[in-house]
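The values are calculated or read from the model by the stated rules, or taken from the named source; none is laboratory data. Keep in mind the model is a prediction, meaning the values are calculated, not measured. So basically every Cβ, Gly included, is an ideal-geometry build from the backbone, and we count neighbours across all protein chains shown.
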Amino acid sequence: MSGITVFRAKKILTMNPRAPVASHVAVRDGIILGAGALEDLSGWGAYDLDEGFADKVLMPGMIEGHSHSMEGSVWQDHYVGYYARRGPDGVERPALRSIEEVVAYLQRAEAEMGDSEAAIIAWGFDPIYFTGPRMTAADLDKVSTSRPVVVVHASFHIINVNSVVLSRANIDADTDVMGIMKGGDGAPNGELQGMPARFLALGAIGRDHFEEMGKKESLWRFARSAQLAGVTTATDLANALPEKTLANLKEVTGDPGYPLRIVPAFLGLSCPAAEGVAKMRDLSAQSTDKLRLGLVKLVADGSIQGFTARLKEPGYFNGSPNGLWYIDPGQIAGTLSAYHEAGFQVHIHTNGDQATETVLDAIEEVLTRTPNPDARFTLQHCQMAHEAHFARMARLGVCANLFANHLYYWGDQHYEQTMGPERAERMNAANTAARHGVPYAIHSDAPITPLAPLFTAWCAVNRKTVSGRVLGAAERISVEDALRAVTLGAAYTLKLDSELGSIETGKRADFTVLGEDPLAAGAEGLKDVPVWGTVLGGRAFPCADIPKE
Amino acid sequence: MSQEPIPLSVIGGFLGAGKTTLLNRLLQGTSGVRYAVIVNDFGDLAIDGDLAAEHGGDTLTFANGCLCCTLGDSLLTTLNDLTRRDAPPDHIVVEASGVADPRQIADMAVLHPGLRRDLSIVLVDAETILEQARDERLKETVERQAAAADLLVLNKCDLVARDRRAKVRDWAARQAPEAPLIETEHARLPLELLFARDEVKPAGPGRDTAKGHDHGALFRSRSVPMVRPLDLAALRAGLTGLPPSVLRAKGFVSLAGKPENLHLVQLVGRRLRIHAWDAGGRAPPRRELVFVGTPDMPSGEWLERALYPPVVGTGLDNSGE
Ligand SMILES: [Zn+2]
C-alpha cells in the first residue's frame, strides 16, 4: 500500500453539506480518504503531514463545464483584445483600446520576427467597443506588406486581413461572394465576414485552425490556462475527435505532469447518428481517469450577440431578422434518441428561447419513448430560458449550464440591442434555475471569454455589466451557490459528481489552492482571489512552475 | 492552375423536398462522368453509395446542419481532399442540409482555386412548403434557401391541386424573383443539362434543340453562332442581363481587339466567367454559345441580338451577318 499524505490548510471548503469546512484532508493513491480535523483522519494509518498549504485555502478542484481546447491553440497567436488577458504562461497581455494600438502592437511583433514569410495572426479583436471607422486592409498593411497579417475578431466569425492575404486568396473587386466587405471604391476592404471567405483566406496562408486545436502544444497550453485559473477538469465542447487528436489527447493526459482532466464532447453532427453511436462506443471504452470520453454535443442555434440565435416572438430588440438553426428542428429528436438509446449523455447548445423550447420538446419526446430518469440532458448556454422553461426542465431532469460571463461582457449590448431591458435582465437566470431545482453550472465558453471560474462566479453573483449596470438583480445568486456551481454543479452536468466536485471521502483528490478564502472575499472580491495553483489526484501543480513563453 | 477547376453544384432544399431522390437519379442516370457526391443531410433516405461507386464516383459525408465554423471546416477539408486527388472527380455535387444556406457552399466553390461554381438548385416540396413558410420555426430557413437558388424546382407537383400550385409559385417567385422556376414530380429533371459537364455539342447555327422528349417539356437548349468578335463589356452586360429563363451558357467567342484569341465563356445562373483559352495544339472549337434554359427562354435570334448590341456608325445591323 502506498503512502498517505495529509494536507493541512488554513481552511478547506469541502462542498460537503454535512461538514462544509475542514482543516485537513487525507489522500492516498489520488483518492480522498477523508476531510476533517487531523484526529479524524489518523485512523487511516501512518501519514506524511504536508504543511505546504498551511496558509492557503483549499476548495474542490474547479470544473469548467463549457470550454474549448481552442483555448490552447489561440495563444500561439497574438492577443489583441480590448481587455487585458492572462496567457497560459501567466503573463498578462495588455488591453488595446483602439485600432492604432492594435496596429502598433502588431508592428512591434513584426519587428521581432526574422523570417519574412511567416504570417502574423492575432485574435480577440472586438470592434464592438470602438466608435469610428472599422479596421481595413490599409491598417494591417502598416504592419506588413510582405507577409500575411490576419486579425481574428473576438467572435471568431469575422476576420480582417492585409492586402497580402487578399491577393493570395484571389479576392478582388470582382469576387462575388457573401461576406467580403467592400470599400467605397468597390475593392475588398479586408474585412471577411462569411465562413467561406474566412476559411479560404486562412487556407491560402496555410492555417488549418482545427488541426491546431488538436496539437499537443495546444493541449498543454489549454491545461496551463486551466491550472492558472484553479481548474482541474475542463470540457472540450465539442470535438469531432479525429484519430490524430484522440492520440494526442491520450498522450498528454497520460503524462503524470499534465495538470488537467479533459472531458471532450463528441460533435454529434459530424457524421450520421448511427456512425456516431458506433464511434462513441469505441471512444467510451478508451476513457481514462484524466480523459473522459462518453459525452455527445449537438448545436441547435447560433449566438445572441451575433443575431444567429433562434428567438420566439417578439424577436430581436433591434428588429434583426431571426437567427439560424444549426440542425433541422425536425431532426433533433431523432438524433437525440439515437445517442440516448445507446446510453450516451447529450449536451445541447441552445441560446435563443425558440431553440431551448424546441429542444425541450425533443427531449420530452425522447424521454417519453425511452424513459431514463438519469439521462441528464444538459442545455448549454440556455441564456434566454425563463420561468416556464426552468419548470419544465426540472420536470424532465434537464440540467442548465448558464453563460454567466455574457452578463459582464455583452450585458450592455443585450440590454440596448439584442434583448431589450426585460429579457436582458432575466438572461442566464441562475436564481430561477435554483428556485425550480434545476441542476445548473456556469461557464466561460473559453476562449470566447477568459477561462476563470472565480470570475464566472463573480458574474453570476453580481450580474454587473462592463458599464456597471446591474442586469437583473433578482437573478443574482449567493457566493456559496456560485462556488457550488463551478464545482459540484458542473460535475453533476457531466455525470462526474460521484467522483469530483467536493472534498469528501472516496472522491478524487482534486483541489483548487487559493491564497484567500473566497467566502471572506465576498461578492465584490471573488474574482480577485489569488490562485496559487491546483492539486490533481493528490499531486500539487503550483502556478509559479509554469514556464513563460 | 495545372488543371481545369472542377465544377461544383449545390442541391439545397428542406428535408423531404426530394434532394436524395434527385441525387440517386443523377447517379443512376448518367454515365461517363465521375461524380463525387458530398452529403450534408443525414435524413431518413440514404444516398446509394454503391450506385455511385458503380459509376466511378464516390459519396462522402460532411457534418450535418448549418455551416457554422466547425461544419464548414469539415466541408473544406473534404473539398481539399477531392481537388488534390491524383484522379479528381469530373464534377462535385453537394447536398446541402435542410438548414444550410446553399449560398455558403457555392461561395466556397467561387473562392476555392480548384473549383468552379456551378448551379445551385433548390428543391421545394410543393405539397408542404406553404405550411413550412407559415411555421414560426421554419419560415426564415425555407425563405433563405429559396433565395439562394439559381434554379428553383417545385417538386411533387403531382400531389398538389392546380390552385394550390399557383400559390406555391407565387411564394417561390417572391423569394427568388431572379431564379427560373420549374415544376416537376419525383424530382424528374433532365440531369445532363443540370449536372453534366456542359461541353459544347455541335449544333447547327441558331438551331433549337429539345433534349429528348422527356426533357423537352422542361428545358430548351439553343446554339447561337458567335462568329464576329464581341466587345467584352457589351458581352458581360448582355450575358448578366439575360432573363431568368436562361439557366446557363457555355462556349467560345473571340473578343474585339484580339480576334485570333479564343475566350471560354461560362455563365451559370447570373454568374459569369470569361477567360482566355489556350487550344494547346487542339483543333480550335467552333465559336458559338450554347444556352440552356426553361421553355420560355428567348429565341436564338433574340439571344444573338442581346450580345451584339447596335454599334453606331459601323454600318452593321445588329441581327448577325
Ligand atoms: Zn462553446
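Select from segment A:241-288 the residues that are of a type in the set (A, V, I, L, M, F, W, C), under 20 Å from the mean Cα position of the chain (by Cα) and within 14 Å of another protein chain (Cβ to nearest Cβ) and list them in ascending order. Listed by number, the residues that qualify are A:Leu241, A:Ala265, A:Phe266, A:Leu267, A:Leu269.
Taking segment A:299-318 as the search range and keeping residues that are away from every other protein chain (no Cβ under 11 Å) and buried (at least 22 other Cβ atoms within 10 Å of the Cβ), which one is farthest from the chain's Cα centre (by Cα)? Within segment A:299-318, the match that is farthest from the chain's Cα centre (by Cα) is A:Ala309. Please identify the pairs in which a residue from segment A:460-474 that is closer than 15 Å to A:Glu422 by Cβ has its Cβ atom under 8 Å from the Cβ atom of a residue that is polar (S, T, N, Q), counting only partners at least 6 apart or on another chain. Pairs found: A:Val470/A:Asn462; A:Leu471/A:Thr465; A:Ala474/A:Asn431. When segment B:167-214 is filtered for residues that are closer than 23 Å to B:Arg270 by Cβ and modelled with pLDDT under 50, the ones remaining, listed by number, are B:Asp198, B:Glu199, B:Val200, B:Asp208, B:Lys211. If you go through segment A:70-90 and pick out every residue that is of a type in the set (Ser, Thr, Tyr), more than 22 Å from A:Glu211 (Cα to Cα) and surrounded by 20 or more Cβ atoms within 10 Å (Cβ to Cβ), you end up with 1.
Close Cβ contacts (under 6 Å, 6 or more residues apart or on different chains) running from residues in segment A:51-77 that are more than 14 Å from chain B (Cβ to nearest Cβ) to residues that are more than 15 Å from the ligand (Cβ to nearest atom) and among the aromatic types (Phe, Trp, Tyr) comprise A:Phe53/A:Phe7; A:Lys56/A:Trp532; A:Leu58/A:Phe511; A:Gly61/A:Phe511; A:Asp77/A:Trp123.
Of all residues in segment A:35-52, which are part of a strand (DSSP E or B) and either within 16 Å of the ligand (Cβ to nearest atom) or at positive phi (or both)? Within segment A:35-52, just A:Gly36 meets the criteria.
Within segment A:452-473, the set of residues being buried (at least 23 other Cβ atoms within 10 Å of the Cβ) and not in a loop (DSSP other than H, G, I, E, B) comprises A:Pro453, A:Leu454, A:Thr456, A:Ala457, A:Trp458, A:Cys459, A:Ala460, A:Val461.
Per the conditions (1) within 16 Å of the ligand (Cβ to nearest atom); (2) surrounded by fewer than 22 Cβ atoms within 10 Å (Cβ to Cβ); (3) of a type in the set (Val, Ile, Thr), the sole criterion not satisfied by A:Thr449 is (2).
All told, A:Leu471 falls short of being under 28 Å from A:Ser73 (Cβ atoms) and either within 16 Å of the ligand (Cβ to nearest atom) or not assigned by TED's automatic domain parsing to the domain that holds A:Ile12 (or both). Looking across A:Ala118, A:Ala95, A:Ala109, one residue alone is away from the ligand (no atom under 16 Å from the Cβ), assigned to a helix (DSSP H, G or I) and of a type in the set (A, V, I, L, M). It is A:Ala109. The one condition from (1) within 15 Å of A:Gly489 (Cβ to Cβ); (2) in contact (Cβ under 8 Å) with a residue 60 or more places away in the chain; (3) within 16 Å of the ligand (Cβ to nearest atom) that A:Leu379 does not meet is (2). When segment B:268-306 is filtered for residues that are within 14 Å of B:Ser223 (Cα to Cα) and either in a strand (DSSP E or B) or of a type in the set (Val, Ile, Thr) (or both), the ones remaining, listed by number, are B:Glu288, B:Leu289, B:Val290, B:Phe291, B:Val292, B:Gly293.
Check whether at least one residue in segment A:305-320 is in contact (Cβ under 8 Å) with a residue 60 or more places away in the chain, within 16 Å of the ligand (Cβ to nearest atom) and not small (Gly, Ala, Ser), and report yes or no. The answer is yes; a qualifying residue exists. Scanning segment A:319-360 for residues that are assigned to a loop (DSSP other than H, G, I, E, B) and more than 10 Å from chain B (Cβ to nearest Cβ) returns A:Gly319, A:Ser320, A:Ala342, A:Gly343, A:Phe344, A:Asn351, A:Gly352. Taking A:Val438 as the residue in question, decide whether it is part of a loop (DSSP other than H, G, I, E, B), more than 16 Å from the ligand (Cβ to nearest atom) and crowded, with 24+ Cβ neighbours inside 10 Å. It is true that A:Val438 is part of a loop (DSSP other than H, G, I, E, B), more than 16 Å from the ligand (Cβ to nearest atom) and crowded, with 24+ Cβ neighbours inside 10 Å.
Filtered by the rule that a residue be part of a strand (DSSP E or B) and not hydrophobic (A, V, I, L, M, F, W, C), segment A:53-92 gives A:Asp55, A:Lys56, A:Pro60, A:Glu64, A:His78, A:Tyr79, A:Arg85, A:Arg86, A:Glu92.
Restricting segment B:120-139 to residues that are surrounded by fewer than 24 Cβ atoms within 10 Å (Cβ to Cβ) and part of a helix (DSSP H, G or I), which is farthest from the other protein chains (Cβ to nearest Cβ)? My answer is B:Leu130. Residue check: is A:Ala173 assigned to a helix (DSSP H, G or I), in the same structural domain as A:Ser98 (by TED's automatic domain parsing), in contact with a Lys or Arg (Cβ under 9 Å, 6 or more places away or on another chain) and farther than 30 Å from A:Phe541 by Cβ? When the stated conditions are applied, A:Ala173 does not pass them. Tell me which helices (runs of 4 or more DSSP H) are completely within segment A:184-299 and hold 2 or more residues being within 16 Å of the ligand (Cβ to nearest atom), or say none if there are none. Once the helices (runs of 4 or more DSSP H) in segment A:184-299 are filtered for at least 2 residues that are within 16 Å of the ligand (Cβ to nearest atom), what remains is A:209-213, A:216-228.
Scan segment B:83-103 for residues that are more than 9 Å from chain A (Cβ to nearest Cβ) and over 19 Å from the mean Cα position of the chain (by Cα) and jot them down. Within segment B:83-103, B:Thr83, B:Arg84, B:Arg85, B:Asp86, B:Ala87, B:Pro88 meet the criteria.
Per the conditions (1) modelled with pLDDT under 95; (2) outside any helix (DSSP H, G or I); (3) aliphatic (A, V, I, L, M), the sole criterion not satisfied by A:Val151 is (1). Just a yes or no: is a residue in segment A:55-69 surrounded by fewer than 21 Cβ atoms within 10 Å (Cβ to Cβ), over 28 Å from the mean Cα position of the chain (by Cα) and away from the ligand (no atom under 16 Å from the Cβ)? Yes: one or more hits. Being within 16 Å of the ligand (Cβ to nearest atom), at pLDDT 95 or above, outside any helix (DSSP H, G or I) and within 14 Å of the chain's Cα centre (by Cα) is the requirement here; does A:Asn428 meet it? No; evaluated as a whole, the condition is false for this residue. For A:Asp497, the criteria (1) part of a helix (DSSP H, G or I); (2) within 16 Å of A:Ala400 (Cβ to Cβ); (3) more than 16 Å from the ligand (Cβ to nearest atom) hold in every case but one, which is (1).
A quick yes/no check of all residues on (1) more than 11 Å from chain A (Cβ to nearest Cβ); (2) part of a loop (DSSP other than H, G, I, E, B); (3) in contact with a His (Cβ under 6 Å, 6 or more places away or on another chain); (4) acidic (Asp, Glu):
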| position | (1), (2), (3), (4) |
| --- | --- |
| B:Asn80 | no, no, no, no |
| B:Ile105 | no, no, no, no |
| B:Pro113 | no, yes, no, no |
| B:Asp118 | yes, no, no, yes |
| B:Thr141 | no, no, no, no |
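Looking only at segment A:166-189, decide whether some residue is within 11 Å of chain B (Cβ to nearest Cβ) and among the hydroxyl-bearing types (Ser, Thr, Tyr). Looking through segment A:166-189, at least one residue is within 11 Å of chain B (Cβ to nearest Cβ) and among the hydroxyl-bearing types (Ser, Thr, Tyr).
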